[in-house]
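A.B. asks: Handing you a structure now.
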Amino acid sequence: MKTTVAIIGAGPSGLLLSQLLANAGIDSVIVERSSKDHVLSRIRAGVLEWGTVETLQDAGVAERCLAEGLPHDAFSIFFDGEPLRIDVAQYTGKQVMVYGQTEMTKDLIEKREAEGQTIFWSTPDAQLHDVNGDHPKVSFTNSDGKAVTLNADIIAGCDGFRGISRQAIPQQKLREFERVYPFGWLGVLVDKPPVHHELFYANHQEGFALASMRSATRSRYYVQCDSGDTVDDWTVEQFWSALATRLGPHWGPKVQTGDPIEMSIAPLRSYVAEPMRYGRLFLAGDSAHIVPPTGAKGLNLAVADVRRLAKAIESWKVLGKDEELENYSRDALDRVWKVERFSWYLSTMLHQFPEHSPFEKRMQEAEFKYVMSSEAAAKSIAENYVGLPF
């Protein structure tokens, strides 16, 4: 079997890449280790940069996002109950869009399948071969139990942090940078209206909290928890109590509680692998980098990678120019590190670190007060939150 681009991973980044390539007349095949049902059941991010929304429009898959998504002009940060509203629209002229990653994935799958995209689901034995040569390939067993060898010109690794793509790069060719945070986020999804129409981030002496949403009737809440905690360590009542305390006396009592649709813990880490290219293998999204969810950058950074990679492949395939492919890793990493910085910055300011001395805690307070007093500092946060230029 032959294709121009073999895409590893049928998450939103792999699906979006295949759609952008198809729009440019370039064929691809997607190989996904999990089942379609599993991919559609994953609860993930929900805040889209406006550049991500524009990319979905370019791809022709933004209709439901624009109709059902919730545009936001601003968000708030609370520090020990003191509020700071960051007016993103005022500072940047742009908005962010609240639209769940699960819904975005549904939209992409529907469009790709309607256009006849070949997707091999449930291929846990997939392996990459000869990625540093002129004829890379992917081998796997399809759903009928038949062995398949997929020959490609390019392999796009869009299969996440634990996928096979980055593992195909020899360890001596890879540089890895990592910061593991000493806490996680315990998250609850509940079918109740959000406590407010804008997002709240809170740094309380008992820990971080976030009040977010997926729609006008579905809320997403998080509280900081210990890194070793499991869901079994928390009752639903303990979660709601911690959230109310950390959101403060004004907003905490207004939270509408209920039985969660989903309750899970996400560890926090910052991670970057360099380079994002090895031979004919190109990494995009979580296969190359991870950001802590503070600032909602993970999915958006993956979209930025995919947008860049799609244009580079189009330039190579349609125009016969190799320059953008050759520079893909360098150019992508330049933006990746800037986004990593912002996510690290917000995480450092908004969480309680167990190792912090009174000095570090005063530094958090001083940083918050500086942003409150400086329009330039608030604008910098707004520019990063709404999304750096592609």
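The values are calculated or read from the model by the stated rules, or taken from the named source; none is laboratory data. Just so it is clear, the structure is predicted and the values come from calculations on it, not from any experiment. Here Cβ is always computed from backbone atoms with ideal geometry, including for glycine, and neighbour counts include all displayed protein chains.
A.B. asks: Which residues, taken from segment 130-150, are surrounded by 15 or more Cβ atoms within 10 Å (Cβ to Cβ) and not hydrophobic (A, V, I, L, M, F, W, C)?
C.D. replies: Here is the first cut: in segment 130-150, the residues surrounded by 15 or more Cβ atoms within 10 Å (Cβ to Cβ) are 130-131, 136-141, 148, 150.
Answer for segment 130-150, where residues must be surrounded by 15 or more Cβ atoms within 10 Å (Cβ to Cβ) and not hydrophobic (A, V, I, L, M, F, W, C): ASP130, PRO136, LYS137, SER139, THR141.
A.B. asks: Determine, yes or no, whether SER380 is more than 30 Å from GLY279 (Cβ to Cβ), surrounded by fewer than 17 Cβ atoms within 10 Å (Cβ to Cβ) and not aromatic (Phe, Trp, Tyr).
C.D. replies: On the way: more than 30 Å from GLY279 (Cβ to Cβ): yes; surrounded by fewer than 17 Cβ atoms within 10 Å (Cβ to Cβ): yes; not aromatic (Phe, Trp, Tyr): yes.
For SER380, the condition - more than 30 Å from GLY279 (Cβ to Cβ), surrounded by fewer than 17 Cβ atoms within 10 Å (Cβ to Cβ) and not aromatic (Phe, Trp, Tyr) - is met.
A.B. asks: Looking at this structure, is ASP125 touching a residue at least 60 places away in the same chain (Cβ under 8 Å), assigned to a loop (DSSP other than H, G, I, E, B) and either under 27 Å from the mean Cα position of the chain (by Cα) or surrounded by 20 or more Cβ atoms within 10 Å (Cβ to Cβ) (or both)?
C.D. replies: no
A.B. asks: Which residue pairs have Cβ atoms under 8 Å apart, sit 6 or more places apart or on different chains, and have a first residue in segment 82-104 that is within 16 Å of GLY298 (Cα to Cα) and surrounded by fewer than 16 Cβ atoms within 10 Å (Cβ to Cβ) and a second that is hydrophobic (A, V, I, L, M, F, W, C) and at pLDDT 95 or above?
C.D. replies: Close Cβ pairs satisfying both conditions: none exist.
A.B. asks: Moving to a separate point now. From ASP80, ASP27, ASP58, grab the single residue that is under 23 Å from PHE390 (Cα atoms) and among the acidic types (Asp, Glu).
C.D. replies: ASP58
A.B. asks: Residue by residue through segment 1-47, note down the ones that are crowded, with 16+ Cβ neighbours inside 10 Å and in a helix (DSSP H, G or I).
C.D. replies: PRO12, SER13, GLY14, LEU15, LEU16, LEU17, SER18, GLN19, LEU20, LEU21, ALA22, VAL39
A.B. asks: Looking at SER380, SER357, SER347, SER373 in this structure, which one is among the polar types (S, T, N, Q) and either touching a residue at least 60 places away in the same chain (Cβ under 8 Å) or within 26 Å of THR3 (Cβ to Cβ) (or both)? Lay out the reasoning, then the answer.
C.D. replies: Values: SER380 fails: either touching a residue at least 60 places away in the same chain (Cβ under 8 Å) or within 26 Å of THR3 (Cβ to Cβ) (or both); SER357 fails: either touching a residue at least 60 places away in the same chain (Cβ under 8 Å) or within 26 Å of THR3 (Cβ to Cβ) (or both); SER373 fails: either touching a residue at least 60 places away in the same chain (Cβ under 8 Å) or within 26 Å of THR3 (Cβ to Cβ) (or both).
Of the residues listed, the single one that is among the polar types (S, T, N, Q) and either touching a residue at least 60 places away in the same chain (Cβ under 8 Å) or within 26 Å of THR3 (Cβ to Cβ) (or both) is SER347.
A.B. asks: Right, here's the next one. So which pairs qualify, if the first residue must be in segment 283-302 and more than 10 Å from GLY157 (Cβ to Cβ), the second must be of a type in the set (Lys, Arg) and crowded, with 24+ Cβ neighbours inside 10 Å, the Cβ gap must be under 7 Å, and the two must be at least 6 apart or on different chains?
C.D. replies: Once the first residue is more than 10 Å from GLY157 (Cβ to Cβ) and sits in segment 283-302, its partners that are of a type in the set (Lys, Arg) and crowded, with 24+ Cβ neighbours inside 10 Å give VAL291/LYS297.
A.B. asks: In segment 341-361, is there at least one residue being basic (Lys, Arg) and part of a loop (DSSP other than H, G, I, E, B)?
C.D. replies: no
A.B. asks: Considering only residues of segment 186-195 that are surrounded by 22 or more Cβ atoms within 10 Å (Cβ to Cβ) and not small (Gly, Ala, Ser), which is farthest from ASP286 (Cα to Cα)?
C.D. replies: Top of the filtered list is PRO194.
A.B. asks: Take the conditions charged (D, E, K, R), without any contact (Cβ under 8 Å) to a residue 60 or more places away in the chain and over 30 Å from ASP226 (Cα atoms) and apply them to ARG277. Does it pass?
C.D. replies: For ARG277, the condition - charged (D, E, K, R), without any contact (Cβ under 8 Å) to a residue 60 or more places away in the chain and over 30 Å from ASP226 (Cα atoms) - is met.
A.B. asks: Kindly list the number of the only condition in (1) modelled with pLDDT of 95 or more; (2) surrounded by fewer than 21 Cβ atoms within 10 Å (Cβ to Cβ) that fails for HIS289.
C.D. replies: (2)
A.B. asks: Look through GLY295, GLY248 and report the one residue that is in contact with a Phe, Trp or Tyr (Cβ under 8 Å, 6 or more places away or on another chain), in a helix (DSSP H, G or I) and at positive phi.
C.D. replies: GLY248
One line per residue, one yes/no per condition, for (1) over 30 Å from ILE7 (Cβ atoms); (2) surrounded by fewer than 17 Cβ atoms within 10 Å (Cβ to Cβ); (3) of a type in the set (Val, Ile, Thr):
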residue: HIS197; (1), (2), (3): yes, yes, no
residue: MET213; (1), (2), (3): yes, no, no
residue: GLY228; (1), (2), (3): yes, yes, no
residue: ASP232; (1), (2), (3): yes, yes, no
residue: GLU237; (1), (2), (3): yes, yes, no
residue: ASP259; (1), (2), (3): yes, yes, no
residue: ARG269; (1), (2), (3): no, yes, no
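A.B. asks: Okay, next question. What is the residue count in segment 67-108 for residues that are over 30 Å from SER35 (Cα atoms) and either in a loop (DSSP other than H, G, I, E, B) or in contact with an Asp or Glu (Cβ under 9 Å, 6 or more places away or on another chain) (or both)?
C.D. replies: Total meeting the criteria: 19.
A.B. asks: Pull out all pairs, ordered by first then second residue, where Cβ-Cβ is under 7 Å, the residues are six or more apart or on different chains, the first lies in segment 18-32 and is over 15 Å from TRP316 (Cα atoms), and the second is at pLDDT 95 or above and of a type in the set (Lys, Arg).
C.D. replies: Here the result reads SER18/ARG112; GLN19/LYS111; GLN19/ARG112, each pair linking segment 18-32 to a residue that is at pLDDT 95 or above and of a type in the set (Lys, Arg).
A.B. asks: Also, I was wondering about something else. If you take the residues in segment 354-371 that are among the hydrophobic types (A, V, I, L, M, F, W, C) and surrounded by 15 or more Cβ atoms within 10 Å (Cβ to Cβ), which one is farthest from GLU49 (Cα to Cα)?
C.D. replies: PHE368
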